[in-house]
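Worksheet for the structure shown next.
The values are calculated or read from the model by the stated rules, or taken from the named source; none is laboratory data. Remember, it's a predicted structure, so these values are computed and weren't measured experimentally. Cβ sites come from the backbone with ideal geometry, for glycine too, and all protein chains shown count toward neighbours.
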């Protein structure tokens, strides 16, 4: 986090000005927060508006609240989606919280919300006024007669504290089962597939080697994720067992170092997943490796954009352009492994014994 907002007076030891009692108490609490493990999660609801929809031109691009946003009774069509507890400056607010383990940013779309409730507004009679004024005033005479529904989130992201980042890096360095290096811009975005696939590590004994604050941060993180995604994990497992995947959860079926199957030139091909990230709701970017041969064997790395294949929200896993080999049809995995073993055995020379029939020189000529 950056420093405090301009104009806000803060006392620190060594200054000539003595603190007030209130400032002294704040300083004491801040000092204690560095000495005792902090167990705190903060949830901030973030509303975005592009301003492209009619009547939204003057809405703020981004605004933050401590409660779930909605449009209320008597609000009109020009009202931006909002909560009750506005956070003017997020960095300043977090600074005043004196430490946290995680901040959860939950995202909402103002224009999508208005599209959802557009038929709920009631048109009120307008007084006589010039046409050009009437056009501008029209949205103010279309109001809600009752509270609108709570907004539905369209995204979620976690912001880890500095000590939590250190803890995650420490576990990654100590455990070979941890998938890849952490990229906190991509890896802490809902539905948190990396946390899902790493959850066994966080229940292990390595946690005990970390500092108390780091242990507390990890506990807060996984309490939140497990509670937040309990139903998602259950649904994912239920669908996967039936060979089906939903668009909401398809990112989570790909594990690090998974063997996956795709089709190339009409032939099935097996690859190894190195990383898989969402690039929007309908595209995954999958980094994979495979072994190639050009006189010598070498490992080739490729990036495959995987498009969601249907307008339906659920599909058969095998309908995906790339899918895990554990979901392959019966016999396909065995055939691919046998082909791979034969291909891999060619890395060493072999002597082959065979008999050539003695049918004369002519029979051994190779005709074009």
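Against the test of being in the same structural domain as residue 296 (by TED's automatic domain parsing) and modelled with pLDDT under 80, the options 331, 340, 362 yield a single qualifying residue, 340. Residues that are part of a loop (DSSP other than H, G, I, E, B), free of Cβ contacts under 8 Å to residues at least 60 places away in the same chain and more than 15 Å from residue 267 (Cβ to Cβ) within the stretch 290-328 comprise 294, 295, 296, 309, 310, 311, 312, listed in sequence order.
Applying the set (1) crowded, with 17+ Cβ neighbours inside 10 Å; (2) touching a residue at least 40 places away in the same chain (Cβ under 8 Å); (3) over 30 Å from residue 113 (Cα atoms) to residue 202 leaves exactly one unmet item: (2). Of the conditions (1) surrounded by 17 or more Cβ atoms within 10 Å (Cβ to Cβ); (2) under 14 Å from residue 171 (Cβ atoms); (3) under 20 Å from the mean Cα position of the chain (by Cα), residue 220 clears all except one; give me its number. Only one criterion is unmet by residue 220, namely (2). Of all residues in the stretch 139-181, which are touching a strand residue (DSSP E or B) at 6+ places or on another chain (Cβ under 9 Å) and in a loop (DSSP other than H, G, I, E, B)? Hits for the stretch 139-181 are 145, 147, 148, 149, 150, 151, 152, 153, 154, 161, 179, 180.
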